[in-house]
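Values in this text are rule-based calculations from the coordinates and carry no lab data. Small disclaimer: the values here were computed from a predicted structure and weren't measured. Positions of Cβ are generated from backbone atoms using ideal geometry, with glycine treated the same way; all protein chains shown enter the neighbour counts.
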Amino acid sequence: MSQAIEREIDRSHMTVSDEVAIQISNMNKWYGEFHVLRDINLTVNRGERIVIAGPSGSGKSTMIRCINRLEEHQQGKIIVDGTELTSDLKNIDKIRSEVGMCFQHFNLFPHLTILENCTLAPMWVRKIPKREAEETAMHFLEKVKIPDQAHKYPGMLSGGQQQRVAIARSLCMKPRIMLFDEPTSALDPEMIKEVLDTMIELAEEGMTMLCVTHEMGFARQVANRVIFMDQGQIVEQNEPEEFFNNPKSERTKLFLSQILGH
Amino acid sequence: MSSQNTPLAYVRKEMLEQQPAPRGQVGVAKWMRENLFSGWFNTALTLVSIYVIYSLLKAVLPWAFGGVWTADSLQECRTILNDLHGNTHYACWAVINERWNQIVYGTFFPSSEYWRTHIAFVLLILAILPVLFDALPRKMLWITAVYPFLMVWLIWGGTIWGPVSVALGFVLAYMASQFAGRSLGSGLTGLIAVAVALIWWFFIGPSVTSGLNKVLPLLHLQEIQSRELGGFVICVIIGVSGIALSLPIGIVLALGRQSDLLIVKTICVGFIEFIRGVPLITLLFTASLLLNYFLPPGTEFDLTLRVIVMVTLFSSAYMAEVIRGGLAALPKGQYEAADALGLDYWKAQRLIIMPQALKISIPGIVNTFIGLFKDTTLVFFIGIFDMLAAAQAIRANSAWNGITWELYIFIGLIFWICCFAMSRYSQWLERKLRTDHR
Ligand SMILES: Nc1ncnc2c1ncn2[C@@H]1O[C@H](COP(=O)(O)OP(=O)(O)OP(=O)(O)O)[C@@H](O)[C@H]1O
Ligand SMILES: [Mg+2]
């Protein structure tokens, strides 16, 4: 499962500030009668890199999708960047434009070129002029190392390239927080590394990140906190070293033994 | 590795050059063998088909190409044929030549005004082209925007003020929406814009128009009543208007049907199900006979306009369902990605969802267009003098009494050309919009 990451990580910018980026308190969510998220409490400071792990169906996706309100929570409070998520559409759009998200299946817009994928939201949400939006887009495409594909369509790119474009597309909105929902689990092993490298670079720049991932190598190297979820609850959270070497709960131990393989 | 001395080990030292395929695997011979003569059954079918096609062409081609193109009546035509071939087993295309005007413009359109339809037709082409081909300069879309008003003025005549007033309603609505949009939400802004337009069209506009008509009758053309329109002209007017209007209305209905707002959804579903459940001809009879009873007395509501409204509503219900299919085919991730980037509902629809949903629905949309265009022949039954009515009249006339094939083949050919063009265009568009190739 885990990928060896050879490169030494530059930790000079990876500082966690006291400022709170996301605060989730007593959050509950139901799908009909089914209680998916139970009493979630989570505070994320600016600059934190958090990896969320847990068995399938434990509610990891649902939780991070609540943060930009792709899913609606029914009880409790979510405060993102000082703005509380309510049904107020203005707040939702504001938070969404501050919070970038990458999906398992990339979700690039197949009818637009790579460049257009990246300039669309800045132009239409931030009202940035086309020329400027394109410059920003090219800057981020260079960062994820695919500037030469800018005029192709997503369908012509490999999975790893598509996911990197998806990251660049989010970055073009200059988000303060990035959410990743299993960004590498739809990729072939050889492409996982290129995406993880991009994510590591992002972490090195001090981006606040929440990643749902099973890449435990990534978690060890980059995360400053690992959260383990099961049955809609946060069961355990700890620093990566402690979490992997010295798991407290039985469930975590079982999960780790399965995922790390014996 | 230890496998080096086992006999299984093998390493290729040189890559092989590409070689041409064996002869008989390429070209016409291969194609014929694979597609026409593979096996005795296929060969037999091919031979029978060739014979059938041959016999058909042998009968039809001399009939069509040996026909007579100039004659003033069926009688005269037959005399000429007898002189030429000794019998009359040949076509009398002369009827198309002699009755051209009746077929194209209808029976009652004043011949001194034919030129107006010609200009309208040329402008129509110019207005449609930039919509169909985005390689053309975008400035040409101004022609498209102005065309509906120009067309009304050219065809129905009168002064320029009527169409200008209607156009002004749109401009005022746009200005109102710009003004209100600064402080209000998009829903309320839309309502205000519609209200402004309606107030202008129904209360202020008409008196201003009639005043201007008296004081300054600018560019006055001879007025032509809807009853005088006919032939190919009315078919194009109804067909093109219906096509142009049914797509946007269909989009709105499809979105309404998916809406979370219960009332909007109920109205849209009710409308679609009602319209789809009623034959078009019923709606047309309603348009021609009943609608005036429901309208406030004194309101003049032009017959052609009523027919266009009905044809549009009819196809827009089908269109809505076709587009709903396209919407359903889009993965949920597209909506989520648009949401996650902070695009609001309308922007997401306009920039992400609709372009893809419409692309998926192109075959269905064009299908609906083609159906609509052919359905314009139904106006024959409510007394509009379209091409079929013209054919009826020509056949009833003593000069051409007895002619059938030539007229209907010609009319059929006109429809076929239009529909085939639409079909080819849609195939071209689909290929052009394909972006999923590797
Ligand atoms: N729209 C929905 N309606 C009803 N139940 C849902 C819905 N979406 C998810 N669920 C259920 O909620 C639970 C949590 O789902 P979620 O997708 O958050 O899990 P996950 O931890 O992300 O799992 P995975 O690792 O498989 O992605 C699952 O049991 C799932 O079946
Ligand atoms: Mg998930």
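Observations on the model:
- Candidate lysines for bridging to A:Lys193, where Cα separation is under 20 Å - those fewer than 8 sequence places away on the same chain excluded: A:Lys143, A:Lys145
- Comparing B:Ile249, B:Leu433, B:Thr88 along the charge dipole axis of chain B, the residue lying farthest to the positive side is B:Leu433, per the Cβ-charge model.
- For chain B, built as a Gaussian network whose Cα springs stay under 10 Å, the top-fluctuating residue of B:Asn87, B:Asn97, B:Asn367: B:Asn87
- In the protein assembly as shown, a dipole from Cβ-located charges (positive for Lys and Arg, negative for Asp and Glu) runs towards its positive end, and of A:Ser61, A:Gln233, B:Pro163 it is B:Pro163 whose Cα lies farthest in that direction.
- Every helix of 4 or more DSSP H residues in chain A counts as -39500 (n - 2.57), and over all residues that averages to -11000 deg cm²/dmol at 222 nm.
- Of A:Lys94/A:Lys174; A:Lys29/A:Lys60; A:Lys60/A:Lys174; B:Lys139/B:Lys347, pairs whose Cα-Cα distance is over 19 Å: A:Lys60/A:Lys174; B:Lys139/B:Lys347
- Considering only B:Leu407, B:Ala193, A:Val144, the residue lying farthest towards the positive end of the dipole of the protein assembly as shown is B:Leu407, judged by Cα position with unit charges set on Cβ.
- Neighbour counts of C-beta atoms inside 10 Å place B:Leu168, A:Leu120 in the sequence B:Leu168, A:Leu120, starting with the fewest.
- All aspartates and glutamates inside 12 Å of A:Lys77 as judged from Cα atoms, apart from same-chain residues fewer than 8 positions distant: A:Asp39
- At least 18 Å along the helix axis (C-alpha) and Kyte average at least 1.0, DSSP helices within chain B: B:40-65, B:114-132, B:141-156, B:161-181, B:186-199, B:231-258, B:262-276, B:303-329
- Ascending count of other beta-carbon atoms within 10 Å, so fewest first, for A:Phe244, B:Phe232: A:Phe244, B:Phe232
- Divided by 2.2 N^0.38 Å, where N counts the residues, the Cα radius of gyration of chain A comes to 0.99.
- Residue-averaged 222 nm ellipticity for chain B, from DSSP H runs of 4+ at -39500 (n - 2.57), nearest 500: -22000 deg cm²/dmol
- Ellipsoid fit via the Cα gyration tensor, chain B: semi-axes of 47, 42, 20 Å, each the root of five times an eigenvalue, largest first.
- The charge dipole of the protein assembly as shown, taken about its Cα centre with unit charges on the Cβ of Lys, Arg, Asp and Glu (plus for the first two, minus for the last two), comes to roughly 960 debye.
- Per the Debye calculation on the protein assembly as shown with a single equal scatterer at every Cα and no solvent contribution, log₁₀ I(q)/I(0) for q = 0.06, 0.11 Å⁻¹ amounts to -0.57, -1.20.
- Cα-projected label distance for B:Gln392 with B:His85, points at 7 Å along beta-carbon direction, nm: 3.1 nm
- In plain terms, the chain from B:Arg227 to B:Ile281 could stretch by 17.6 nm, reckoned as 0.36 nm per residue minus the Cα-Cα distance.
- Measuring how big region B:189-228 is from its alpha-carbon positions, Rg and Dmax come out at 14.3, 41 Å.
- Whole-number Å³ per residue for the convex hull built on Cα positions in region A:63-171: 110 Å³
- Region B:159-220: equivalent-ellipsoid semi-axes (sqrt of 5 x gyration tensor eigenvalues, Cα, Å): 28, 10, 7
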